[in-house]
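Everything below concerns the one structure shown next.
No value in this document is a laboratory result; all are computed from the given coordinates. Source: prediction; values computed, not measured. When we count neighbours, we look across all protein chains shown, and the Cβ atoms used for this are built from the backbone with ideal geometry, even at glycine.
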Amino acid sequence: MKEVFVRLDRCQGCRSCQMACATAKSKSKTLFGAITETPRPGYRIYIERGNGLNVPLTCRHCDPAPCLDACIAGCLYRDEQGLVRRRKDNCVACWTCIMVCPYGVISRGKEPKIAVKCDRCHKLEVPACVQACPTKALVFMEAAAFGAEIRKNAAGVLAQASDLGRKG
């Protein structure tokens, strides 16, 4: 299953991912239309600073998922793709899911009062946040492929350091 991964060294904190997310969740599906909607559509990806880096955070669709286990109303469920999704009509606004999310990425919707979380733009081939990222800090790929990319980059850094050690 493809997942959204973050290349921490590339995120500039521009928040293009947040605008794309909110636009994708809007009724109009356009930026100009979205800013005139009431209530304004919210985003489901957060940019936080940690140790000098911008860190995009979004639902990891954990397995097991604490939010799914804690949902007393049956609002949250795992779909056939393995994504933790919600049934809007079932949410009773108890906010238990918010309390147990280890990433803090479930929020309170403005109107109606329901839990809001990333659904990884399940109707799109590539999530809106990934498509909008100008530095390609967000990538949508299989975990094995992402791991291979990280290993290749690490090998390049180590090889370069080794060359410098031999020349010095």
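Could you sort out which of 27/88; 123/152; 113/136 sit more than 25 Å apart by Cα distance in this structure?
Long pairs (Cα-Cα over 25 Å): 123/152; 113/136.
Sort 114, 72 so the one with the fewest other Cβ atoms within 10 Å of its own Cβ comes first. If you can, show how the numbers build up before the last one.
Values: 114 17, 72 9.
Ordered from fewest to most neighbouring Cβ atoms within 10 Å, 114, 72 come out as 72, 114.
Per residue of the stretch 130-144, what does 6.51 cos²θ - 1.76 cosθ + 1.60 with θ = phi - 60° give for ³J(HN,Hα)? Whole Hz please, x for Gly and Pro, Karplus curve as stated.
5, 4, 8, 5, x, 9, 6, 5, 9, 10, 10, 7, 5, 4, 5
Based only on the alpha carbon positions, what is the Kirkwood hydrodynamic radius of the stretch 40-139, in angstrom?
14.4 Å
Leaving out same-chain residues fewer than 8 places away, which aspartates and glutamates sit with a Cα under 14 Å from that of residue 25?
Partners within reach: 37, 111, 119.
What Kirkwood hydrodynamic radius, in Å, does the chain give when the mean of 1/r is taken over all pairs of distinct Cα atoms and then inverted? List each step's numbers first, then the result.
Working: mean 1/r = 0.0567 Å⁻¹.
About 17.6 Å, per the Kirkwood formula over Cα pairs.
Could you please report the charge total around residue 78, scoring K, R as +1 and D, E as -1 over all other residues with beta-carbon less than 9 angstrom from its beta-carbon?
-2
Quick one: Cα centre-to-centre distance for the stretch 94-161 and the stretch 67-91, in angstrom?
Comparing the Cα centres of the stretch 94-161 and the stretch 67-91, I get a distance of 18 Å.
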